[in-house]
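The values are calculated or read from the model by the stated rules, or taken from the named source; none is laboratory data. Note that the coordinates shown come from a computational prediction; the quantities given were computed from them, not determined experimentally. Here the Cβ positions follow ideal geometry from the backbone for every residue, glycine too, while neighbour counts run over all protein chains shown. Only protein heavy atoms, including side chains, enter the accessible area calculation; ligands, DNA and RNA are left aside. Shrake-Rupley method; radii C 1.70, N 1.55, O 1.52, S 1.80 Å.
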Amino acid sequence: MAHAAGYVTTEPLPPGSWASSPASRAVMSANKGRDTKPEILLRSALHRRGLRYRVGVRPLSDLRRTADVVFTKARVAVFVDGCYWHGCPEHLRPAKKGAAFWHDKIAGNQARDAETNEALRAAGWLVIRVWEHEDPELAAQNVAEVVLSRQHTPPRANALG
């Protein structure tokens, strides 16, 4: 498929490349970082429920982490995690080539995810992680319930009263 899409060239691998072949480099380079099919399906389901959100923004400006869907008023950050890249316990199949590299890469992603969750929680955000294999309608229903419950919390009583 990479050949048909024109991603594979006859150029040799650059020095220090981690790719095992020009074809694998082309496939990995073509992976999207945003607007993946699972993200779009979830966003469409959320939109049909009347929810409005921001896409691909940092919940905290000083934290270099971008959430896939952000509800700023409710302070809810939604991440749609790919089964391979984030080590889904159900679907992860370890790589055969470069196994040590990919193991370390996925473990690093998981550690960064945990760090992100903790930093956002400490700042008062609620983090929702959705696996790419989850039903987008069910995931959207869960997200909608959380967002609506956080938007409709009663205001604090005035201390002067």
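The table below lists the values:
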item	result
Failed item in (1) part of a helix (DSSP H, G or I); (2) at pLDDT 95 or above; (3) among the charged types (D, E, K, R); (4) under 16 Å from the mean Cα position of the chain (by Cα), with R121 passing the rest	(4)
Residue check for R43: open to solvent by less than 60 Å² (accessible area, probe 1.4 Å) and not in a strand (DSSP E or B)	yes
Residue count for segment 67-99, restricted to those that are within 30 Å of H152 (Cα to Cα) and either open to solvent by less than 30 Å² (accessible area, probe 1.4 Å) or touching a residue at least 24 places away in the same chain (Cβ under 8 Å) (or both)	14
Any pair with Cβ under 9 angstrom, 6 or more apart, that starts in segment 35-61 at a residue that is aromatic (F, W, Y) and ends at one that is in a loop (DSSP other than H, G, I, E, B)	Y53/T72
Meets criteria (at pLDDT 95 or above and within 20 Å of L120 (Cα to Cα)) for R48	no
Every residue from segment 48-65 that is part of a loop (DSSP other than H, G, I, E, B) and open to solvent by 80 Å² or more (accessible area, probe 1.4 Å)	R49, R52, R58, S61, D62, R64
Number of the exception - D113 against (1) assigned to a helix (DSSP H, G or I); (2) exposed (fewer than 12 other Cβ atoms within 10 Å of the Cβ)	(2)
